[in-house]
Amino acid sequence: MTKMHYTIEDKIALITLDDGKVNVMNREFFQELNDCLDRTLSDKASALIFTGRQGIFSAGLDLKLLPTLSSIEEQLKFQKTFASTMLRVYLFPVPTIAAYAGHSIAGGAILSYACDRFMVGDGPYKIQINEVANKMMLPSWISLICRSSIPHQYWKEALLHARAYSPREAFERGIVDDLIVEENKVMEAAKALARDLFGLHGPAYAFTKKLMRREEADKALEALEKELREWAK
């Protein structure tokens, strides 16, 4: 793998995003991520942690790739891959934790919000859904994932106004679940939380998450093509 690394230890699966740059999301990224999710299931992990190297989680979609998608059909195919992969994380039957000390922009923030728990190191980093500021619309599926993590009173500033937050600002608003003051202890905290989650009944957890999220996720994904075609006009 060139975009990320997968390991498992003590029933905790760990996916580390690290392409040596800013972990942009493209076709190869999504293929590798789905492969890692498959391995998490085949290894029967009891929890899954997403992290990145110090300073960066992900800068989101590969902006060099997007202009090369010349037809609406190409754009639809890629956007459906993006959506289905992020929604797979959102619906993943194993407890998921995003845990890192670094920047998390656009797709990186979406992946973090798709997890069941979001913890970050306190540092000079930025967490932002910047699509509207970059002349892009937010389809229903992204809004669904983000609104599951962002408290209602901050939907406008976080999504419509593309507000950038420091880790501490995000924590104070309840967008981030846990702020780890010492950056080098983020993974220690994440693994401690993962072990706590071992006490939950796995099948009950998976089925309850499905009941909470599947119907809305399916509707949002079904709406994507209509929304993209309407936006393209």
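Derivation of every value follows stated rules applied to the coordinates shown; laboratory data play no part. This is a predicted model, so every value here is computed, not measured. Neighbour counts run over all protein chains shown; Cβ positions are idealised from the backbone, glycine included.
A few comments on the model shown:
- Subset of the range 77-119 (residues that are touching a Gly at 6+ places or on another chain (Cβ under 8 Å) and hydrophobic (A, V, I, L, M, F, W, C)): PHE82, MET86, VAL94, ALA101, ILE105, ALA106, ALA109, ILE110
- Count of residues meeting criterion [of a type outside the set (A, V, I, L, M, F, W, C) and within 15 Å of the chain's Cα centre (by Cα)] in the range 32-49: 2
- Looking across the range 136-185, the residues that are touching an Asp or Glu at 6+ places or on another chain (Cβ under 9 Å), surrounded by 14 or more Cβ atoms within 10 Å (Cβ to Cβ), over 28 Å from GLU215 (Cα atoms) and in contact (Cβ under 8 Å) with a residue 40 or more places away in the chain come down to SER166, PRO167, ARG168, PHE171, LEU179, ILE180, GLU183.
- For the range 183-207, the set of residues classified as among the basic types (Lys, Arg) and within 20 Å of the chain's Cα centre (by Cα) consists of LYS191 only.
- Some residue of the range 30-43 being part of a strand (DSSP E or B), surrounded by fewer than 23 Cβ atoms within 10 Å (Cβ to Cβ), of a type in the set (Lys, Arg) and in contact (Cβ under 8 Å) with a residue 12 or more places away in the chain: no
- Only one of the numbered conditions (1) on the phi > 0 side of the Ramachandran plot; (2) outside any loop (DSSP other than H, G, I, E, B) is violated by ILE142, and that is (1).
- Residue match in the range 92-104 (condition: polar (S, T, N, Q), surrounded by fewer than 20 Cβ atoms within 10 Å (Cβ to Cβ) and not in a helix (DSSP H, G or I)): no
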